[in-house]
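Chemist: Take this structure first; my questions come after.
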Amino acid sequence: MTHLSKALPFWLSLLLVPVILVSAALGGWWLMLVPALTWWLFSIIDSFAGLNEANEDPQTPDSQLFWYRTVTLIWFPIQFTLTFGLIWYATHADYSGAEQFWLFFGMGVLSGTVGINYAHELMHQRNRAERWLADLLLAIVFYSHFRSEHLLVHHRYVGTRRDPVTARYNEGFHRYYPRVLRQSLMSSFRAEAAMLARKSLPWFHRSNPFWRYWALQAGFLILAFALGSWTGVGLLLVQAGVAIWQLELVNYVEHYGLTRKHLGDGKYEHVQPRHSWNASQKASNWLLINLQRHSDHHYKPDRRFPLLQTFDDTQAPQLPAGYPIMTFAAMIPPLWKRIMNPRVKAWRAQFYPEIEDWQPYNKALNPAPR
């Protein structure tokens, strides 16, 4: 797996860099180029390229993954330069307010589709430098607490009522979104405070990562103000808002309606590949560095992205399309429910025929996991 040629498809995200620079230079309708290419081009390629159902050897050592890892390691300086370079450009060029907004809408699509996704890969690694890069990528979109929530809450409690990120059956995205924004922030802070309490330390101890989160975010705000005054701050927040929306759309899709079986007395079955939706679409997995192989990610969270395994429908439920199409469908709740609710019911019948009453799972009424 050391050959650059095998890793090269996962570097396609870098093509979006000249695209946003060209669209910024041309202005007008060209500013829609980044969302159009990110959301639709890769879906079109998916329709031709089909599925990739091959699995790499999961025991491959890091020493053979250099070219795969490198694309995630170089992304923060690229995103940092783009974000703040475009803040300066947009506030000094002959841009209308609408053009400024749409330029940073596109930047937010880039930050959410690539930046947060790469941060997700990096935060799962034991290497301290990689975790720092994850913190930087999350701070630039003002969603630093995602690391705490994801590692300490989501992976531990996925498919139960204690996980804010697991979308409930028949819960539309427009109800899910405000709920997850509120609950994720609260649960992440409580999780870090609980870890400190177990060491007999107060929540405000200097080792609480929230101090780092807040310091990094404040630094980015100050830099945006220095480059573009209050308009620069506003544009930075626009790209952050779009990036967060992109992330939570993906979170919504990944576990919609999938729950772990309650075994009684607050105990739940272990996480299995069947508790996440799997998608093997080739091109969108190139863009998202195999994030759509989410069933294996939750089964083996520390496995690097090129080694994630895909499963067939006897082991994990399958999405009918890649994330770009599915997140679009999620924005239209009647369409989403028409596509996905029958699939959730089929999943229940396949894996849990013994469960007759799904109401406690639908409404998150089962006891919280211990």
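Chemist: Please give the length that would be gained between A129 and D312 if that part of the chain were fully extended, namely 0.36 nm times their separation in residues minus their C-alpha to C-alpha distance (nm, one decimal).
Modeler: Taking A129 through D312 to full extension adds about 62.4 nm, to one decimal.
Chemist: For L51 and H174, FRET efficiency with R0 = 45 Å and r from the beta-carbon atoms, rounded to 0.05?
Modeler: 0.90
Chemist: Return the loop-located GluC sites (Glu not before Pro) in the stretch 1-105 (DSSP other than H, G, I, E, B) with at most 12 other Cβ atoms within 10 Å of their own Cβ; answer none if there are none.
Modeler: E53
Chemist: Ok, one more. Suppose each label sits 7 Å from its Cα in the direction of the beta carbon; what would the M195-A226 distance come out to in nanometres?
Modeler: My value for the distance between the label points is 3.0 nm.
Chemist: Also, quick follow-up: Please report the Cα spread of the stretch 54-171 along all three principal axes, rounded to whole Å, starting with the longest.
Modeler: Sorted largest first, the three principal extents are 52, 43, 30 Å.
Chemist: Set the Förster distance to 35 Å, then compute FRET efficiency between K300 and V22 from the Cβ-Cβ distance, nearest 0.05.
Modeler: E between K300 and V22, to the nearest 0.05, is 0.35.
Chemist: Where is the GNM fluctuation largest for the chain (alpha-carbon springs, 10 angstrom cutoff): L37, L122, L287?
Modeler: Per the Cα network of the chain with a 10 Å cutoff, L37 tops the list.
Chemist: Using a 10 angstrom cutoff on alpha carbons, build the Gaussian network for the chain and name the most mobile of L110, L51, L201.
Modeler: Residue with maximal mean-square fluctuation among L110, L51, L201: L201.
Chemist: Okay, next question. Could I have the simple spin-label model distance between D62 and R212, label points 7 Å from Cα toward Cβ, reported in nm to one decimal?
Modeler: 1.6 nm
Chemist: Just order 81-94, 204-217 by mean Cβ neighbour count inside 10 Å, highest at the front, would you?
Modeler: So the order, starting with the most tightly packed, is 81-94, 204-217.
Chemist: Round to a whole angstrom and tell me the spacing of the C-alpha centers of the stretch 294-370 and the stretch 68-124.
Modeler: So the two Cα centres are separated by 30 Å.
Chemist: Write out the trypsin sites (Lys or Arg not before Pro) in the stretch 91-167 meeting two conditions: DSSP loop, and at most 16 other Cβ atoms within 10 Å of their Cβ.
Modeler: R126
Chemist: Continuing with the same structure: Accessible area per residue for the chain in Å², computed with a 1.4 Å probe and the full protein assembly in place, what is it?
Modeler: Computed with neighbouring chains in place, this is 44 Å² per residue.
Chemist: Between L14 and N362, 0.36 nm times their residue separation minus their Cα-Cα distance comes to what?
Modeler: Full-extension gain reported as 121.2 nm.
Chemist: Related question: Say each of H92 and H3 gets a label point 7 Å from the Cα, pointing the same way as Cα to Cβ; how far apart are those two points in nm?
Modeler: Between H92 and H3, the simple spin-label model gives 4.6 nm.
Chemist: Same structure, new question: Where the accessible area of the chain is counted over protein heavy atoms with a 1.4 Å probe, how much of it, in %, is carbon and sulfur?
Modeler: 62 percent
Chemist: What percentages make up the Cα-Cα pair-distance distribution of the stretch 144-229 when the bins are 10 Å wide from 0?
Modeler: Reading upward from the zero bin: 17, 37, 28, 16, 2.
Chemist: Just going by the charge dipole of the chain, with Lys and Arg at +1 and Asp and Glu at -1 on Cβ, which of T81, V71, H155 is farthest out on the positive end?
Modeler: Result: H155.
Chemist: Taking loop as defined by DSSP and a crowding limit of 10 other beta carbons within 10 Å, which GluC sites (Glu not before Pro) in the stretch 269-370 fit?
Modeler: E354, E356
Chemist: Still on this structure: How much net charge surrounds R128 when only the other residues with a Cβ under 14 Å from the Cβ of R128 are counted, with Lys and Arg +1 and Asp and Glu -1?
Modeler: It works out to a net charge of +2.
Chemist: Expressed as a whole number of Å, what is the distance separating the alpha-carbon centroids of the stretch 191-211 and the stretch 135-156?
Modeler: Their Cα centres are 16 Å away from one another.
The values are calculated or read from the model by the stated rules, or taken from the named source; none is laboratory data. What you are looking at is a predicted structure, and each value in this text was computed from that prediction instead of being measured. Every residue, glycine among them, receives a Cβ derived from its backbone with ideal geometry; neighbour counts consider all protein chains shown. Accessible surface is based on the protein model in full, side chains and every heavy atom, while ligands, DNA and RNA are left aside. Shrake-Rupley method; radii C 1.70, N 1.55, O 1.52, S 1.80 Å.
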